[in-house]
Structures are given as C-alpha cells and as structure tokens.
Amino acid sequence: MSVFLQHLINGLAAGTIYALVALGYTMVYGVLKLINFAHGDVMMVGAYVGYATAFSLAPHVRTSSLGVLLVILVAMAACAAFGFLMERFAYRPLRDKPRLTSLITAIGISFALSYGFQLDVGPLPGAAPRAFPEIIVLRPWLKIGDVVLWNAQVISFGIAIALMAGLQWLVYRTRFGRAMRAVSHDHRIAGLMGIPTDRVIGLTFMLGSALAAVAGILYAVKDTAITPLMGLYVGLKAFVAAVIGGIGNVPGAVVGALLLGLVEEFVVGYTASSWRDAVAFGFLILVLLFKPEGLFGKNAAEKV
Amino acid sequence: MNSPSVPLSSAPAPLPLKAALAPWLPFAVVLPVLALIQVATGGAPFLVYLSLMVGVNVLLAVSLNIVNGMTGQFSLGHAGFMAVGAYAAALLTMALDPWKLIGVAEPLSDQIFFVLALLVGGSAAGLCGLLVGLPSLRLRGDYLAVVTLGFGEIIRVFAQNTDRLGGALGLTGIPHRTSLAMVGFWVFVVILLAKRLADSPHGRSLVAIREDEIAASAMGVNTTAYKVRAFVISSFFAGVAGGLFAHFQSVINPASFGWVRSMEIVVMVVAGGLGSTSGSVVAAVFLTLLPEGLRTLFNALHLDAGRIDQVRMPLYGLLLVVLMLMRPQGLFGTHEIWDGLKRRRAAKREVA
Amino acid sequence: MHRPRSLLPLVPLLLVMASAACERKQSVTTGGDSAAAARATRDQVLLGVVASLTGDQASFGVSTRDGVLLAVEEANARGGALGKPIQMRVYDSQGKPSEGANAVTRLISQDGATVILGEVASSISLAMAPVAQRAGVPMISPSSTNPKVTQVGDYVFRVCFIDPFQGYVMARFAGEHLGARRAAILRDNKSDYSIGLSTVFTARYPEFGGTVVSSEAYSQGDTDFRSQLTAIKATRPDVIYVPGYYTDVGLIARQARQLGIDVPLLGGDGWESTKLYELGGPALDGNYFSNHYSPEDPRPVVKDFIARFTQRFGRQPDSLAVLGYDAANVAIAAIQRTGTTQGAQVREAISRTRDFPGVGGTITLDPERNATKPAVVLKIQDGSASFVTSVEP
C-alpha cells in the first residue's frame, strides 16, 4: 500500500511539471495553431536562469522565502522576455505563410537552444549536468507509515496549483482571456472585431513561457540536475499531455499531464523500467489513432 | 514524318528501339564510371570513408525529400527507418557469413548476399513505413511531425531493450561489405527514381497533395494512398542507406539513429529546397563534407578542431531559422538543376 | 510511375557487384599495407588519443587526456622516443561510439598515428577497436572494463582490470565485508559497462551467501529514478548495486535517501569523478565503490605522481588520469623497446609488457591482452572517498 502511495506521489509530482509546460503548449497552439517545438527549451532556459540567480545569492538568502520568490520571478521574467522575442522575430513574420514554415522554424530554434547551451563558451553552460543549488531546505512535511511527503514537494505542488488556478481565472473570467479565446477561434475575425491580435498573441506567448520557467525551477528542485537537453524530452511529453487533453483546451492539458505523469510512473514502477521514454509516445499514438481530438477536445472536422 | 499534334507533348514520337533502350542509357554511362572510381580510390581509406558517408547521406536526403518535399508531409523519424534497415541487413549478413554460394568465388558470393541483405533491410524499413504511414498520414502536418518523431524514438528504445539486437551496445563486428560502387549505384537509383517520380503523373499527384490536399482530394486523387506509397518508397531507401552504413561502420547502436540524425537529414532537405531532388543532393554533399573540410583546415592551422562538431548542431538550428525567414524555398526551391537542360531541349524542338 | 519488372536490372547489378567484389579484397590489403608503409617512413611518433571531452561524462575524457599529456611531456623531457619528440593528437569522441570510430579512422588514415589510446567508455572502445584491428594499428584502452573490447582482436589491449573481476569484487565485498544477504540492482540499460557489471554481480553474489531480490533499470541521462527506487524499496534490500556513471549515480543517491532508503549503495569505477559529490551531496555518505587506485596508496610512485600531476594541472588526479598516464607510458615503452613505429612490431612489444611499474599498480598483460591488477574499494564520507580494502585477482 505504501508502495502504491509513493508511486502516486511521484507520478503527481512529475505530472504537475508536465502540466505547467503543457499549458504553454496548449495556449500557444490555441492562438496560433502552431506547435512551438522550442517551448520545452524555454523551460530549460528558465532552469538555467534560475540556477544563475540562485548561485548569485548567498546560501542563507537563497533558502529564504524571499530568495525562492526572487529566483522564480527572475526566471519568469527572463523567459517571458525570451518568449516575446521569439514570437515577434521568428513567428510573427511567418504567420501568414504555410504552417510548415513555422514548424521548421520552431524546430530550428529548439535545436539552436538545446545544442547551443551545450557549448561552453562565454555565458553558455556546457553539456555537463549542473547541480541546482538548494533553495528549499528539505524537511519532512507529513509521514504516512513508510512514505514521506517532503516540504519541497508540497511547495511545488502548491505553486503549480496556484498558477494553474490563476491561469484558469485569467482565461475564463477576464477580458484578456476572452480576447485570447476569440483569437484562438479565428484570428482574422477577432482582428476585424477590434481585438489587438498581435498584442494578444505576444502576451499569450509571454504567459506560456513564464509558466515554463516555473516548471523549469520546480523540475530543478525536484531532480537536482539540469542539462541543456532537459527541455527536449519534458517538452515532448508535455506536448503529448496537451494532445491527450485536447489541444487548445486549458483544463484538458492539466488533466492530460497528470494522467501522463501517473501512467509513466506506474508503468515504469510495475513493469520493465527501461521503456520509460516509449510510454509517452505510445500513449500519444494510441490517442491520435482513436481519439485525435483528445479527452476534452471538440471534434473539429475540417470544412471544405 | 508528320507527328500527330498531341496537346501534352511537343516531342516527336521516338523509334521503338530507342524507346526501349532509353531508360537504360543512364545506367550504361554511370556504371563504368563507378567501377573506375572504385579502382582509383583503392588506396585512400579516409577518402573512401568520407565518400561512403556522403553517399549514404545523399541517399537519406533524397529519399526524405520524396515525403517531406514532394508530398509536403513532414516526417521527423527518418533515422528510425534507417535503423530498421541497418539492423535487418546486418543481422542477415552475420547469419549468412559462414556460408557462400556454391561454385562462386567467395568475394562475389559475399556481395550477392550483401545485396540480398540490403533488399531485405530496405523492405523491412518499407514495411515499417507502411505500418507507421497508414495510421499517421491522416493526421495534420504538425501532428504527423511529432508522431513520426515518436515512432523514431520508439524504434530506438526497442532496439536498446532487445538483446537480440545487441541492446545498448548494438551490433559489432559487422563484416565490411560496402564499396563505393555499391553506394554509388544506390545513390544513382534513388536519384533516377526521384526524378522519374517527379516527372510522372504519380509525382504530379504528390505535388497536388502538397499544394492543396483538399482540392486534390476533391479532384479524385486518393490522397491517403499516394501519401502512404511515397512514405513506403522513402522508408525503403532509408533502410537501404542504413544497410550500407552498417556494412562499413561495422558497429551500429541505437544512439546512432536518434532524433539528432533525423534532424541532420531534415536540415539537408530543407536547405536544398523542399521538393528539389538535386537540391537535396547538393545540400547533403555540402553538409557532409563541410565539417570534415573545416576539421582539416583547423588542423592545418593548428587551431582546436574539436569545437567544430559542437558548433555544428546549433548552427544547423540557426540555419533553419534564417532559411525560413529569408529564403524558405532553400537552395533550389522546387526546381532542379536539370530543369534548365529540359527547357533548352524543349525550346530546340519547338524551333525544329 | 513504373518500376522495372524485367530481369534486365540484374545485369548491371551483377556487373557492379563483380567489380566491387574484385576490388574489395585488394583494397583491404592494399589499405593496410600502404598505411603501414606510410607510417614507417613517417618522421614521427604519434599517440592518437580519443577521449570524451564533451558530453555527459566529460570528466572521464578530460582526466584521461591530462594523464596522457603528462606522460608525453615527461617522456619528451627525457628525449622522446626513437630520438624524436613524441606527438600527441586528441579527438573528442563526444561520448558517442560513432564519433569514436570516426576519430580512429582519421587518426590512422590521415594523421598516421602509431598507437591509439582510448577510450574510457566500453561502448566507444568497442566501436573503435575493429577499426584499429583492421588497420593493424595497436590500441590501448586506459579504462574500458567490458571484456568484449580486447576480444575484438590481437591489436587491442587495456591496462585495467575487466568487469568480470570488478563485479566479483563488489559481490564479495557486499557479502563478506558488509554481511549483506539481500541486494537490489539498479543498472543503466544504455551502457554495456553497467549491464556487464550487473550480470556478473548477479552471478557471483550467491557465492557469498546473498540473493538478488530485485533488478531495475534506467537510461543514462534520466533524472527521475523514484519509480524504480520505490519498487526496489518494497523488496527491502540490504544494499543496492548501482554500477552506473557518476552523472546518474549522484541523483540516484539523493533520491534514494529522500524516499527513505537508508541502506548503502555500491558501485564501480564509473562513480569516479569530482562531479559526483556536486550532484549527490551528503546523500553519498556511507556508500562504497570499486576503483582502480586510491590516492592514499602509500607507494612512492603514487605520491610522486600525485605531486607532479597536481603541480602541472592544479588539481588532484583521479583514476582515469592515472590509467591514461599508465597507458601512454606502456605505449611509449613498447615503441622504445622495438625501435620502430611499424604496427606489427609495436603490437608485439606491447603484448610482452610484464611487471610494468604503473602508477595504478604493476601491469602485466595476459594472453587476452588484459591487465591483472588488484581493485580497491573506497567508502564515501563528507565529499571524499577513502580506502577500505583491496582485493587481489
């Protein structure tokens, strides 16, 4: 029983991180109909910015709540800025070109980032894994028999839930959210109705990137090591989660992500563990074959 | 002699014998050339190695172009098919190694088995192409990209976890069978095939699918069937490339067929021009030789050549971005080097 | 689109094959001989080094290279080899077997290397060895421990022990020294080194009264091992054998402690890196691993080497550096002994290495071209490893 509980905790912990990244994917896909391949790498950038920030603080400062907040906020700001630049200079010029062009651009950015960060010239960190400095001093929070729930896990979970709730509120209860949804529906008509589509899209990108930054920090706190390639696999899995939930659907992305995290954990824990990477893809293929619109998506048939 | 005025062609009807021989003319020219090259480079192992790599990459790029370029379906899992071909061909060769055909000299027998292995490898890869293509090609472009990427990864994980395939170590001690002539032959075949495909009605259907799939479907083109067929042909040649690769590299492991390898080929196809066979060839040759050339240059200038491999990957990424922003059609767009020749020949006929 | 269906295409195919078949045999022997001939007339003694200077296990490659570099510099200070200065050319394998094979091809065909030194990771050595063997250039691996490496051919050597021995060392240590009766294994499925060691451990452990109660796997580069560790925890082992590389082991140790797993972790020489402590932190305390050498070794040759290495590079040598140093010196000594750079002769000289005074121990190459050397077991406490015991072969 405690084994099951431990697996549950592990799966949820991984799932919440996928969720934060999946939200970015789903939002950007919603407004631009583009899979931002580089989104996972934005998470990686966030982790490294957080690393640099945390390192620049003295040990007793970085473990205080203010320190943690600072690390997270700096990473969010940096990634939001990065997301804005990406959208403005790489995607906006291609908005009316065939989708394939944007897809190739996204792949190019992803590659440039993940392999560029592996160089160790100048500010670039190099390929070797780095140990993220401790920003939350580990203390047991709850003990259920054999299983320990750590304060770091609770804090991560709390931050993720708060952000997801905040996003939900933003998308469904504010004017900006309505504008976002209008642009997702049809960006040309939304423009004609007076919505500043460029601004909405830019802000959506920034928002998604900021969430990815938080995901990067939480990931680094959970698994300690950060490498330039960490974004690739998390990104792909988060994308799978977004598809499972129904791409473009915000709560769907969260459910899909948690589900994926749990499935991965239980499959690896109870069966042959070296197939971990294949689980996510297998799940994706099954979903696309049998229910391509995802769990919560609407069946949008292409009208001729 | 009066040629009947046929609206679709301005060429006079050729004599029957010439018509029969015409398709084989290129072979008659190319084969002796290949044989000569083979003899001439017998004593320069590194040059041979480099040429073999170039050949394999050209094969991969031209075959991927059939799907990504001509049909406009973005596949990111090409290395997975290469892996299937490599493993299948290698396993067959190693199984047949102790045997030889009766009454035939051992080297010739080895080569016959090698060709058999390549065909088996290619067919296995083609079969995988069918299995992957049938369900996936109904999906939209960006989804297809991720699914093909996923399949490539699944193949890699499968190879890694299967002891029969050598696991993470892969297969070692694959007998050395690849020769320049053999690689040259297959390169020649794939280019010829791609060219004929592009010029044929089948090819025109593929282009129609690429330009506007809904319209093509409305015109009665069975889009899924064509897409799948292109996919299968493409994977077949990727498999052959894998087989050729395995038999001069002597060691193959799952890591050599990962996502990065697929990316390298994608860059070649995009840079050469999505839809241009000659573009893929030029880009593949250039991008294979460039790092080596730089390395030799750096060594000669006593600079640290180690950086080249590191810098190559992010530069490819940047190249893609810059290309899409400034020249999305790549080097040749959808045109070919030989289009110029054709136009001149047609113009001459017009005059005559 | 038509595809030729007649048998006509077979004709050109057969022609091509015939020409290819005829040439192939010739080119293989010509290639070997011409390269050897070229080398004999080349005016240089060149050690070609292949090491992973970048990539995940970069510390392995950097250490090895520095060890070789020191050996070459010292030898040149003494007059070089065969009256000429010894050259060294280093290529980065980037941690990839295909790159390693490429590098060897380049070193042999273009640079005219006399001896190849490399690699650390067995997977990479296994890709490199056939190339060296085919070209008739001797290759010495400083620290690849998978037995298959030297089985490739008689031109491939190593100056370290092999995994059947290393796995036995840890199995025995667990059973005898720690008195552990139940062991779990967490191996890296992406590394032959790790798989090899775990297989040997599983086979030998029962001899010392133990049973393997669970066996899980991960992939090099994974960062989350909690799923596997949770499954292992459920089987209540006394020790966990983690024969992987330091980049993963550091994280595994941390996560194991977080999950409430208090038992010692055991490992092999893949743990050896200063980066291990950075990644694992205090979670590493109380764990053990087998290694090639211990810096606490009282022999004067070791103390001397540590002093010289620290002076040259500003840091302490690890076992990779020691083995790189020893491998280079074995190669240099063989070249001196035979008086030529000709491949077959150098190979012969290397194979006759007996009682060579290496820093990592006395090196005698057995008929399988492996070195029979003792292993040491080290215990980690407070960010460093200290000597516990040594096991003779």
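The values are calculated or read from the model by the stated rules, or taken from the named source; none is laboratory data. These numbers were taken from a predicted model, which means no experiment stands behind them. Cβ: placed from backbone, ideal geometry, glycine included. Neighbour counts: every protein chain shown.
Please note which helices (runs of 4 or more DSSP H) are completely contained in the stretch C:170-264 and include at least 3 residues that are touching a helix residue (DSSP H, G or I) at 6+ places or on another chain (Cβ under 6 Å) and more than 12 Å from every other protein chain (Cβ to nearest Cβ).
Details: elements: C:192-204, C:226-233, C:246-258.
Where helices (runs of 4 or more DSSP H) fall fully within the stretch C:170-264 and carry at least 3 residues being touching a helix residue (DSSP H, G or I) at 6+ places or on another chain (Cβ under 6 Å) and more than 12 Å from every other protein chain (Cβ to nearest Cβ), they are C:192-204.
Rundown of residues vs (1) within 11 Å of another protein chain (Cβ to nearest Cβ); (2) on the phi < 0 side of the Ramachandran plot, yes/no style:
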| site | (1), (2) |
| --- | --- |
| B:Gly275 | no, no |
| B:Ser280 | no, yes |
| B:Ala284 | no, yes |
| B:Thr296 | yes, yes |
| B:Arg307 | yes, yes |
| B:Arg312 | yes, yes |
| B:Gly317 | yes, yes |
| B:Leu320 | yes, yes |
| B:Leu323 | yes, yes |
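Out of the residues in the stretch B:155-181 that are at the interface with chain A (Cβ under 9 Å from one of its Cβ atoms) and free of Cβ contacts under 8 Å to residues at least 40 places away in the same chain, state the one that is farthest from B:Glu213 (Cα to Cα).
Among residues in the stretch B:155-181 that are at the interface with chain A (Cβ under 9 Å from one of its Cβ atoms) and free of Cβ contacts under 8 Å to residues at least 40 places away in the same chain, the one farthest from B:Glu213 (Cα to Cα) is B:Asn161.
Considering only the stretch C:106-126, how many residues are farther than 27 Å from C:Val169 by Cβ and within 13 Å of chain B (Cβ to nearest Cβ)?
Summing the residues that are farther than 27 Å from C:Val169 by Cβ and within 13 Å of chain B (Cβ to nearest Cβ) in the stretch C:106-126 gives 8.
Go through the residues of the stretch C:99-107 one by one and say whether even a single one is of a type in the set (D, E, K, R), over 23 Å from C:Gly244 (Cα atoms), assigned by TED's automatic domain parsing to the domain that holds C:Thr341 and not in a loop (DSSP other than H, G, I, E, B).
Step one: list which residues in the stretch C:99-107 are of a type in the set (D, E, K, R), which gives C:99, C:106.
Cutting the leftovers down to over 23 Å from C:Gly244 (Cα atoms) gives us C:106.
Retained after the next criterion (residues that are assigned by TED's automatic domain parsing to the domain that holds C:Thr341): C:106.
Narrowing further to those that are not in a loop (DSSP other than H, G, I, E, B): C:106.
Scanning the stretch C:99-107 turns up at least one residue that is of a type in the set (D, E, K, R), over 23 Å from C:Gly244 (Cα atoms), assigned by TED's automatic domain parsing to the domain that holds C:Thr341 and not in a loop (DSSP other than H, G, I, E, B).
Given the options C:Ala333, C:Ala283, name the one that is in the same structural domain as C:Ser63 (by TED's automatic domain parsing) and part of a helix (DSSP H, G or I).
Being in the same structural domain as C:Ser63 (by TED's automatic domain parsing) and part of a helix (DSSP H, G or I) holds for just one of C:Ala333, C:Ala283, which is C:Ala333.
One residue is enough: does the stretch C:254-271 have a residue meeting the conditions more than 24 Å from C:Glu119 (Cα to Cα) and either in the same structural domain as C:Ser63 (by TED's automatic domain parsing) or of a type in the set (Val, Ile, Thr) (or both)?
yes
Can you pull out every residue in the stretch B:95-117 that is buried (at least 16 other Cβ atoms within 10 Å of the Cβ), within 14 Å of chain C (Cβ to nearest Cβ) and either assigned to a helix (DSSP H, G or I) or touching a residue at least 60 places away in the same chain (Cβ under 8 Å) (or both)?
Answer for the stretch B:95-117, where residues must be buried (at least 16 other Cβ atoms within 10 Å of the Cβ), within 14 Å of chain C (Cβ to nearest Cβ) and either assigned to a helix (DSSP H, G or I) or touching a residue at least 60 places away in the same chain (Cβ under 8 Å) (or both): B:Pro107, B:Leu108, B:Ser109, B:Asp110, B:Gln111, B:Ile112, B:Phe113, B:Phe114, B:Val115, B:Ala117.
Pull up the stretch C:368-393, narrow it to residues that are over 18 Å from C:Thr145 (Cβ atoms) and in a loop (DSSP other than H, G, I, E, B), then point me to the one that is modelled with the lowest pLDDT.
It comes out as C:Gly383.
Cβ contacts < 6 Å: first residue of a type in the set (Ser, Thr, Tyr), restricted to the stretch B:48-67; second residue surrounded by fewer than 24 Cβ atoms within 10 Å (Cβ to Cβ), any location; separation 6+ or different chain. Result?
B:Tyr49/C:Thr105
Could you list, in sequence order, the residues of the stretch B:182-201 that are buried (at least 17 other Cβ atoms within 10 Å of the Cβ), under 19 Å from B:Lys227 (Cβ atoms) and without any contact (Cβ under 8 Å) to a residue 60 or more places away in the chain?
B:Leu193
Over 26 Å from C:Gly118 (Cβ atoms) and not assigned by TED's automatic domain parsing to the domain that holds C:Ser198, is that true of C:Ala307?
Taking the combined requirement at face value, the residue satisfies it.
Listed residues C:Arg204, C:Arg226, C:Arg257; which is buried (at least 23 other Cβ atoms within 10 Å of the Cβ) and free of Cβ contacts under 8 Å to residues at least 40 places away in the same chain?
Testing whether each residue is buried (at least 23 other Cβ atoms within 10 Å of the Cβ) and free of Cβ contacts under 8 Å to residues at least 40 places away in the same chain leaves just C:Arg226.
Could you count how many residues in the stretch A:103-146 are of a type outside the set (A, V, I, L, M), more than 25 Å from A:Gly83 (Cα to Cα) and without any contact (Cβ under 8 Å) to a residue 24 or more places away in the chain?
Total satisfying the criteria: 4.
Looking only at the stretch B:208-255, filter to residues that are of a type in the set (Ser, Thr, Tyr) and in contact (Cβ under 8 Å) with a residue 12 or more places away in the chain; which one of those is farthest from the other protein chains (Cβ to nearest Cβ)?
The selected residue is B:Ser235.
Output the qualifying pairs, or none if there are none: Cβ atoms under 6 angstrom, residues six or more apart or on different chains, first residue in the stretch C:75-102 and closer than 30 Å to B:Ser250 by Cα, second residue in a strand (DSSP E or B) and not small (Gly, Ala, Ser).
Between residues of the stretch C:75-102 that are closer than 30 Å to B:Ser250 by Cα and residues that are in a strand (DSSP E or B) and not small (Gly, Ala, Ser), the close pairs are C:Gln87/C:Leu46; C:Met88/C:Leu47; C:Val90/C:Val49; C:Tyr91/C:Val50; C:Ser93/C:Val50; C:Gly100/C:Val50.
Mind checking which residues of the stretch C:229-254 are touching an Asp or Glu at 6+ places or on another chain (Cβ under 9 Å) and touching a residue at least 40 places away in the same chain (Cβ under 8 Å)?
C:Leu229, C:Ile232, C:Val242, C:Pro243, C:Gly244, C:Tyr245, C:Tyr246, C:Thr247, C:Asp248
Of everything in the stretch B:323-345, what is among the basic types (Lys, Arg) and modelled with pLDDT of 80 or more? Give them in sequence order. First the steps, then the outcome.
Filtering the stretch B:323-345 for residues among the basic types (Lys, Arg) gives B:327, B:342-345.
Of everything in the stretch B:323-345, just one residue is among the basic types (Lys, Arg) and modelled with pLDDT of 80 or more, namely B:Arg327.
Given the residues C:Thr145, C:Thr150, which is the only one that is closer than 29 Å to C:Ala375 by Cβ, part of a helix (DSSP H, G or I) and either more than 10 Å from chain B (Cβ to nearest Cβ) or hydroxyl-bearing (Ser, Thr, Tyr) (or both)?
Step by step, each of C:Thr145, C:Thr150 is checked, and only C:Thr150 is closer than 29 Å to C:Ala375 by Cβ, part of a helix (DSSP H, G or I) and either more than 10 Å from chain B (Cβ to nearest Cβ) or hydroxyl-bearing (Ser, Thr, Tyr) (or both).
Filter the stretch C:260-296 down to residues that are in contact with a strand residue (DSSP E or B) (Cβ under 8 Å, 6 or more places away or on another chain) and of a type in the set (D, E, K, R) and give me whichever is surrounded by the most Cβ atoms within 10 Å (Cβ to Cβ).
For the stretch C:260-296, the residue satisfying everything is C:Asp269.
Of the residues in the stretch C:265-297, how many are touching a Pro at 6+ places or on another chain (Cβ under 7 Å) and within 14 Å of chain A (Cβ to nearest Cβ)? Don't jump to the end; show me each part of the working.
Narrowing the stretch C:265-297 to residues touching a Pro at 6+ places or on another chain (Cβ under 7 Å): C:267-268, C:270, C:279, C:286-288.
Checking the rest, the ones that are also within 14 Å of chain A (Cβ to nearest Cβ) come to C:279.
Total satisfying the criteria: 1.
Here's the yes/no breakdown for (1) out of contact with any helix residue (DSSP H, G or I) (no Cβ under 8 Å at 6 or more places or on another chain); (2) among the acidic types (Asp, Glu); (3) within 14 Å of chain C (Cβ to nearest Cβ); (4) surrounded by 24 or more Cβ atoms within 10 Å (Cβ to Cβ):
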position: A:Val200; (1), (2), (3), (4): no, no, no, no
position: A:Leu203; (1), (2), (3), (4): no, no, no, no
position: A:Val214; (1), (2), (3), (4): no, no, no, yes
position: A:Leu229; (1), (2), (3), (4): no, no, yes, no
position: A:Lys237; (1), (2), (3), (4): no, no, yes, yes
position: A:Gly245; (1), (2), (3), (4): no, no, no, yes
position: A:Ala253; (1), (2), (3), (4): no, no, no, yes
position: A:Trp275; (1), (2), (3), (4): no, no, yes, no
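The rows are residues; the columns are (1) assigned to a helix (DSSP H, G or I); (2) surrounded by fewer than 24 Cβ atoms within 10 Å (Cβ to Cβ); (3) hydrophobic (A, V, I, L, M, F, W, C).
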| residue | (1), (2), (3) |
| --- | --- |
| B:Val48 | yes, yes, yes |
| B:Met53 | yes, yes, yes |
| B:Gln73 | no, no, no |
| B:Ala86 | yes, no, yes |
